[in-house]
Each structure stands twice: as C-alpha cells, then as structure tokens.
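Below is one structure, written out as structure tokens; comments come after it.
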Amino acid sequence: MFTPTDTPFTRWFDALEARHLATLTFPEVRRALEALSAVYVQRRDRLQAGADLESAGKRAAFALFYGPLHFLVADHVVRGLDIPATAPTGVLDLGCGTGVVGLAASLACGGVPFEGVDRNRWAIGEARWNAEAFGVPAKTRPGDLLRARPAAGNTLVTLGWAVNELDDDERDALSARVEEWRRGGASVLVIEPIARRMSPWWDEWAGFFRALGGRADEWKFTPRLPERLALMDRAAGLDHRELKARTLHLPALPR
C-alpha cells in the first residue's frame, strides 16, 4: 500500500505541488478548494455544466487536493479487494479525471498499461502527466465513457467518483455496458462517496452487482497524509484525517 513516506507517492505529490503552485499561490488554491467543495456538496446540479473545473484555481485544487486523496483511497480499495491476485492485464479508467484511480490500480497490479477516458480535455492532459510521473505506460483520450470499450481479455474497468455525476438515463445505459464488458472478459470497480445523498441510486446498483456475482463494500481508514496536503485540508476547513468510500466490484467471469 502507498503511504506518504513511499518514494513514488512522495515524489509525485511534490512534483504535483510544484506544477500547480507555479502560477497560483497557496491561498488562491485554498480559496478555490472551498468553492470546489461547495459545488460537490451543495451545488451538485452544476456538475453537468462543468462547474467543478471552470477556473484555473478549481482545476488546481481538484488535481492537487482531491487527486492524492482519491489515489490513496483507490490504492487501499484495490489491495483490500485483492484485485492484483486476479492479474489484470490493463486498466481502463472511465470518467478518469486526472487518472488517479486507474493509475493507483495499475501500480497496485504491477504497473500494467493504463488507458484514461474523460470528456474534459484538461483532465486528459493531467492524467497523461500523472501517468508519466509514475512511469506507467498510458494512453489517454477525450471521449464518452458510455462509448468506451475495454480491450479484449482481463481488463479492469474503473469508475471512480464518476457514476454519481451521470443523470438517470446515462446510468441506465451504463448498467447495460457493465454487463457487456463483463461478457468480454473485463472486471469492473466503482468507487463513490459514502454519503447516500450523493448517490440515491446506490442500493439499486448494489443489487445489480450482487445479482451478477459481485459485491458492495464500505471502506474507512486513516492515512498519514503528506504534510502540505493535511495543511490545505485544515486551511479549507475540511477534515480528511479519515478517508471513506464505498465500492462495487464485479470480478471477471471465470475462464
């Protein structure tokens, strides 16, 4: 498991901070983080319009704050589910944002190739940079997650903090894709916030995954955050000393 004392994670976080604080000050990013958090918690109706990435400050806060947190959660979950033991040959990260979920999965599985797909071109560029920083072979491209197809074989499809941003029709279409991907040999991992108000569809999807032989889990752990990340957390009036998430995992069909 990655921790802030691990060289790859530390090196990446330091480079990420240098990258995003090159043109913005710490107070500017902190104020943007407060605004970004308000979008996620209080103004979720604005997500479809791209309110979370509409300014340089919010983009920096998204990459520099939520990116490392989501990476640590994904790493914890992938290892906790023992996904590396299933030997995925690649990771397809849909709605990948800055790519941290798929990259954490890739690294946990030995650095298998990573492919990231997202509608936002800035996010795709950031995912490519992150993959290079970790030394993971990667392809990134703009696109709609509903149209993406995993490569044939044992691909792990990850959807991190992405399904809750879809509307009801898109989620219904995605559930059909999940079954299609699995018939093609893929496994699927969904990671979402633990707060039920953000995902009223969760129980239905949990039942859907279980009916196909999958599982639903809740996770809670206490990481040692990098000092500067913890400082930003406190400065923005947030508290991520304990990280929480819930997941749906559908293993590949037995061969």
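In summary, Arg119 fulfils each of the numbered conditions (1) farther than 15 Å from Ser187 by Cα; (2) surrounded by 24 or more Cβ atoms within 10 Å (Cβ to Cβ) with the single exception of condition (2). Checked against (1) touching a strand residue (DSSP E or B) at 6+ places or on another chain (Cβ under 8 Å); (2) among the small types (Gly, Ala, Ser); (3) surrounded by fewer than 24 Cβ atoms within 10 Å (Cβ to Cβ), Ala85 meets all criteria but (1). With respect to the conditions (1) closer than 17 Å to Ser187 by Cβ; (2) in contact with a strand residue (DSSP E or B) (Cβ under 6 Å, 6 or more places away or on another chain), Val136 falls short on a single one, namely (1). Between Ala216, Ala152, Ala176, Ala148, the distinction of being more than 23 Å from Phe65 (Cβ to Cβ), part of a loop (DSSP other than H, G, I, E, B) and without any contact (Cβ under 8 Å) to a residue 40 or more places away in the chain belongs to Ala152 only.
In the set (1) under 20 Å from Ala104 (Cβ atoms); (2) surrounded by 15 or more Cβ atoms within 10 Å (Cβ to Cβ), the condition left unmet by Trp205 is number (1).
So that you can scan it fast, the table gives a plain yes or no per residue for (1) under 17 Å from the mean Cα position of the chain (by Cα); (2) within 23 Å of Asp203 (Cβ to Cβ); (3) crowded, with 16+ Cβ neighbours inside 10 Å:
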site: Pro137; (1), (2), (3): no, no, no
site: Thr158; (1), (2), (3): yes, yes, yes
site: Leu166; (1), (2), (3): yes, yes, yes
site: Val178; (1), (2), (3): no, yes, yes
site: Gly185; (1), (2), (3): no, no, yes
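Looking only at region 208-222, residues that are of a type in the set (A, V, I, L, M), surrounded by 13 or more Cβ atoms within 10 Å (Cβ to Cβ) and over 19 Å from the mean Cα position of the chain (by Cα) come to 1 in all.
For (1) at pLDDT below 95; (2) of a type in the set (Phe, Trp, Tyr); (3) more than 19 Å from Pro150 (Cα to Cα); (4) part of a helix (DSSP H, G or I), each residue gets a yes or a no:
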residue	(1), (2), (3), (4)
Leu189	no, no, no, no
Trp205	no, yes, yes, yes
Arg210	no, no, yes, yes
Leu231	yes, no, yes, yes
Gly237	yes, no, yes, no
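Pick from His240, His249: which is surrounded by 13 or more Cβ atoms within 10 Å (Cβ to Cβ), in contact with an Asp or Glu (Cβ under 8 Å, 6 or more places away or on another chain) and over 24 Å from Gly184 (Cα atoms)? Lay out the reasoning, then the answer.
Working: His249 fails: over 24 Å from Gly184 (Cα atoms).
The unique qualifying residue is His240.
Of the residues screened, Pro200 is one that is out of contact with any Gly (no Cβ under 6 Å at 6 or more places or on another chain), without any contact (Cβ under 8 Å) to a residue 12 or more places away in the chain and closer than 27 Å to Lys220 by Cα. Listed by first and then second residue, the pairs with beta-carbon distance under 9 Å, at least 6 apart or on different chains, first residue in region 68-86 and part of a loop (DSSP other than H, G, I, E, B), second β-branched (Val, Ile, Thr) and at pLDDT 95 or above, are Leu81/Thr247. Residue-level check: of (1) outside any loop (DSSP other than H, G, I, E, B); (2) more than 16 Å from the chain's Cα centre (by Cα); (3) within 23 Å of Ala252 (Cβ to Cβ), Ala104 misses just (2).
The values are calculated or read from the model by the stated rules, or taken from the named source; none is laboratory data. Every value quoted in this text rests on a predicted model; they were computed, and no experiment measured them. Counting neighbours? That spans all protein chains shown, and the Cβs are built from the backbone with ideal geometry, glycine included.
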